[in-house]
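Comments concern the structure below.
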Amino acid sequence: MSDLALAQLSMASLYSAMGVLTLAMLAYAAHLAWLLPARSEAKDLKAAQAAHAAERQRELAPVGGGPTAGGEHPAYEVGDASTEAHDEEPLRARKAAGIAGALSILGTLLLTAAVVLRGLEVHRMPLGNMFEFAITGAMFVMLAYTGWSLRRDLRWLGVFITGPVLITLGMAVTVWYVDAAELMPSLKSYWLVIHVTIATIAMALFGIGAAINGLYLWQDRVEGGTTRSFMNRLPAARQLEKLAYGLHVIAFPLWTFTVIAGAIWARQAWGSYWNWDPKEVWSFVIWVVYAAYLHARVTSGWRRQNAAMIALAGFACIIVNYGIVNVFFVGQHSYSGL
């Protein structure tokens, strides 16, 4: 198959993936929208039943709180079959979630096909410019999310993952797109596959972690309120914070390896481990910020909300590094192709 045909198939797969992921995002949004009434009603019913059971226990308990004539203390279980029925998701919410999950898998497969076809077109790993890096990074985000979704229920997170992925892909095809071209001589190394691939995976995990940390800070502000809120659809703040922390624990060593591998590659390509290139500096800044987050997270006296803000600052540094430094800063890492 000719390179032109591969390029056409790659773009067709990419646009198809964007269309499918758009439908997935809408289905995830519908799932959250239809989930709220059932959960809110369940919370109200549980509170009412708990208050009613407590009142009955006070009325029927013997004076002084002693045992009953049968020798046992009265016990009343809170909740019944009606409570369980209210805890179940509405049918339309379950259907929307099922459709969203299937569309996410299909969109991920189409996006993976677009990346593979681009690699076949250029006869190398598709990591040589901003367009290729963006679609490959989006692919890793979707692979991580869909793979993780097979192990636990993450339907509530879908809209917050597919949305940013679609924005990234939209930027890739409208702003960052460049035709296939030869790599610069310094990039023709096996370190391209090792260094950039690990960096992309790390940033995919950091991105998912940033989404969850943002939701954690939002949930922490509204948790405990009595009014029905959009955040009633999501897990508790503490659970969100633990999920985000777990992702960062995995991503940080990968980013550490990225910085070290970059220094080794720089020594081979330019004769020095460190050249104070803007990209090198920002990569190290990212490492420092995330190291500060992990340190703050396990330090007594630090509020977890403050630690989460540091993690979000780290992801902001990633955006600056790859969205601004790559494009507008001139240096040895000026590989954007724009």
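Applying the set (1) polar (S, T, N, Q); (2) assigned to a loop (DSSP other than H, G, I, E, B); (3) modelled with pLDDT of 95 or more to Thr299 leaves exactly one unmet item: (3).
Take Ile264 and tell me if it is closer than 30 Å to Met125 by Cα, at pLDDT below 95 and touching a helix residue (DSSP H, G or I) at 6+ places or on another chain (Cβ under 8 Å). It is true that Ile264 is closer than 30 Å to Met125 by Cα, at pLDDT below 95 and touching a helix residue (DSSP H, G or I) at 6+ places or on another chain (Cβ under 8 Å).
When you scan the range 200-213, do you find a residue that is surrounded by fewer than 19 Cβ atoms within 10 Å (Cβ to Cβ) and either modelled with pLDDT under 90 or within 17 Å of the chain's Cα centre (by Cα) (or both), even just one?
Looking for residues that are surrounded by fewer than 19 Cβ atoms within 10 Å (Cβ to Cβ) and either modelled with pLDDT under 90 or within 17 Å of the chain's Cα centre (by Cα) (or both), one finds none in the range 200-213, hence no.
Could you grab me the full set of residues in the range 100-133 that are farther than 15 Å from Leu9 by Cα, surrounded by fewer than 22 Cβ atoms within 10 Å (Cβ to Cβ) and within 21 Å of the chain's Cα centre (by Cα)? Of everything in the range 100-133, those that are farther than 15 Å from Leu9 by Cα, surrounded by fewer than 22 Cβ atoms within 10 Å (Cβ to Cβ) and within 21 Å of the chain's Cα centre (by Cα) turn out to be Gly101, Ala102, Ile105, Leu106, Met130. The sole residue among Val222, Val249, Val193 that is surrounded by fewer than 18 Cβ atoms within 10 Å (Cβ to Cβ), under 30 Å from Ala269 (Cβ atoms) and more than 13 Å from the chain's Cα centre (by Cα) is Val193.
This table checks each residue for (1) in contact with a strand residue (DSSP E or B) (Cβ under 7 Å, 6 or more places away or on another chain); (2) farther than 15 Å from Gly323 by Cβ; (3) surrounded by fewer than 20 Cβ atoms within 10 Å (Cβ to Cβ).
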site: Thr136; (1), (2), (3): no, yes, no
site: Val173; (1), (2), (3): no, yes, yes
site: Trp176; (1), (2), (3): no, no, no
site: Asp179; (1), (2), (3): no, yes, yes
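Of everything in the range 243-281, what is of a type in the set (D, E, K, R) and under 18 Å from Gly314 (Cβ atoms)? Give them in sequence order. Selection gives Lys279, Glu280. List pairs: first in the range 189-201 and in contact (Cβ under 8 Å) with a residue 60 or more places away in the chain, second crowded, with 17+ Cβ neighbours inside 10 Å and of a type in the set (Phe, Trp, Tyr), Cβ under 6 Å, 6+ apart or cross-chain? Matching pairs, first to second residue: Trp191/Trp265; His195/Trp265; Thr200/Phe140; Ile201/Phe140.
Among the residues of the range 289-331, those identified as buried (at least 17 other Cβ atoms within 10 Å of the Cβ), touching a residue at least 60 places away in the same chain (Cβ under 8 Å) and more than 18 Å from Tyr245 (Cβ to Cβ) are Tyr322, Asn326.
Whether a residue is at pLDDT 90 or above, under 17 Å from Met309 (Cβ atoms) and out of contact with any Cys (no Cβ under 9 Å at 6 or more places or on another chain) was assessed, and Gly170 does not pass this test.
Listed here are the residues, each with its yes/no results for (1) over 18 Å from the mean Cα position of the chain (by Cα); (2) assigned to a helix (DSSP H, G or I); (3) surrounded by 15 or more Cβ atoms within 10 Å (Cβ to Cβ); (4) without any contact (Cβ under 8 Å) to a residue 60 or more places away in the chain.
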residue	(1), (2), (3), (4)
Asn232	yes, yes, yes, no
Leu243	no, yes, yes, yes
Phe257	yes, yes, yes, yes
Val281	yes, yes, yes, yes
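The values are calculated or read from the model by the stated rules, or taken from the named source; none is laboratory data. Note that the structure is a prediction, hence the values are computed from the model and not measured. We place every Cβ from the backbone using ideal geometry, glycine too, and count neighbours over all the protein chains shown.
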